[in-house]
Amino acid sequence: MSYAGPRSDALPEALLSDIDTSGYYPALVSDVVATALGDDTVVSHLVHAETTFDSETVRRHVTVLVLAPHRLVVVHADDHAPSADTPAEHLGAVATATSETIPLGRVRGVMLAHVVSAPEDYRPGSLGREITLKLGWGTVAAIDIMPAQCADPQCEADHGYEGTIGDDDITLRITGEVDGDDTLEQAKQFAAVLSRALGQPTR
């Protein structure tokens with residue numbers, strides 16, 4: 001007997017509408033989100049679709065972030081065109097959808113970078129037309145290493161290396177021109193709601 005999982009029509013209408021608007025296999029993405037979320041409550045959500053071009057191939061990707069009372073659910077969906085070096089070549093195009101659940105206590109922070117063009121003409125409250133949203137919980141770590149330097153510009157000694165470690169598991173770039181003003185505002189709101197949730201005491 002196969003496991004059917006929760007029905008996607010149990011998801012909030014606004015979330016289903018945003019997944020449908022993304023245009024990327026909405027029935028599949030909705031089912032994966034519903035299965036990962038179970039009977040938990042949706043506090044806030046963000047759906048971000050992205051299209052990239054690789055040589056002659058158009059690749060689509062959608063990320064769904066769902067904030068529940070005590071966890072963050074992340075769903076990624078991609079499509080893969082068949083190629084000679086993939087075992088699934090005979091299957092034709094393949095879509096993969098992956099879900100991840102992170103307890104809120106493990107989310108290390110929310111970084112929201114605002115890009116403002118013509119800052120001399122900035123209007124208070126507008127916060128620009130482009131943002132970069134970064135979330136980290138330690139699954140992915142990146143190390144940037146560079147030669148260490150001292151304060152003496154004439155020094156030629158080897159001071160070894162220095163670097164920084166970043167744990168940005170998700171980075172989303174959202175612009176009003178590409179994604180639309182509604183998605184841009186929703187991303188800001190999602191970041192604010194998630195930031196407040198991280199500031200609450202854990203139970």
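The values are calculated or read from the model by the stated rules, or taken from the named source; none is laboratory data. Treat the numbers as computed from the prediction; the structure is a model and nothing was measured. For neighbour counting, all protein chains shown are included, and Cβ atoms are generated from backbone atoms with ideal geometry for every residue, glycine included.
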Is the stretch 168-182 home to any residue that is under 13 Å from the mean Cα position of the chain (by Cα) and modelled with pLDDT under 70? yes
Candidate set from the stretch 18-55 (those that are in contact with a helix residue (DSSP H, G or I) (Cβ under 7 Å, 6 or more places away or on another chain) and assigned to a loop (DSSP other than H, G, I, E, B)); member that is nearest to residue 185 (Cα to Cα): 43
Name the pairs: first residue in the stretch 52-79 and acidic (Asp, Glu), second residue part of a strand (DSSP E or B) and at pLDDT below 95, Cβ to Cβ under 6 Å, at least 6 apart or on different chains? 78/61; 78/96; 79/60; 79/95
